[in-house]
1. Could you compute the longest span of the chain free of trypsin sites (Lys or Arg not before Pro) located in DSSP loops and having at most 10 other Cβ atoms within 10 Å, not counting the site residues?
2. Just to confirm the number: angle between the C-alpha axis of helix 53-73 and the first principal axis of the chain, 0 to 90 degrees, nearest 10?
3. For region 39-49, just list the computed ³J(HN,Hα) in residue order, Karplus coefficients 6.51, -1.76 and 1.60, θ = phi - 60°, integers in Hz, with x standing in for Gly and Pro.
4. Could you work out [θ]222 nm for the chain from helices alone, using -39500 (n - 2.57) per DSSP H run of at least four and dividing by all its residues? Round to the nearest 500 deg cm²/dmol.
5. How large, in percent, is the carbon and sulfur part of the accessible surface of the chain at a probe radius of 1.4 Å?
6. Here are several values of P(r) over Cα pairs in 10 Å bins from 0, in percent: (1) 16, 46, 33, 4; (2) 21, 62, 17; (3) 20, 36, 24, 15, 5, 0. Which one was derived from the coordinates shown?
7. Can you tell me the 0 to 90 degree angle between the C-alpha axis of helix 12-25 and the longest principal axis of the chain, rounded to 10?
Amino acid sequence: MATRKVTLSLDSGALEFAERAAKAHGISVSSWLSKAARREAVRTGYTPQRPEPAVADSDEAERAAAEKDLRAQG
């Protein structure tokens with residue numbers, strides 16, 4: 001999957017949650033935030049209109065994983 005470098009602003013509490021959660025999962029904060037953003041997009045019903053063919057398969061796999069995680073959480 002392509003990675004783009006972006007700048008984000010988070011309040012200190014959100015950053016602390018992200019840092020702790022990322023550490024607990026053994027992944028970088030960037031990776032955790034990416035996964036969290038995808039989970040939230042799925043949770044709120046977002047579906048990409050035209051995914052790029054090169055990343056469509058990995059996006060679908062991540063979407064399916066996010067849905068599975070949400071179902072497991074109840």
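The values are calculated or read from the model by the stated rules, or taken from the named source; none is laboratory data. Please read all numbers here as calculations on a predicted model, not as lab measurements. As a convention, Cβ positions derive from the backbone with ideal geometry for all residues, glycine included, and neighbour counts pool all protein chains shown. SASA here: full protein model, heavy atoms, side chains in, ligands and nucleic acids out. Shrake-Rupley method; radii C 1.70, N 1.55, O 1.52, S 1.80 Å.
1. My reading of the result: 6-74 is the longest stretch.
2. 60
3. Using θ = phi - 60°, the values come out as 4, 5, 4, 5, 4, 8, x, 6, 10, x, 6 Hz.
4. That comes out to -22500 deg cm²/dmol.
5. Carbon plus sulfur share of accessible area: 52 percent.
6. Structure-derived value, by its label: (1).
7. 70
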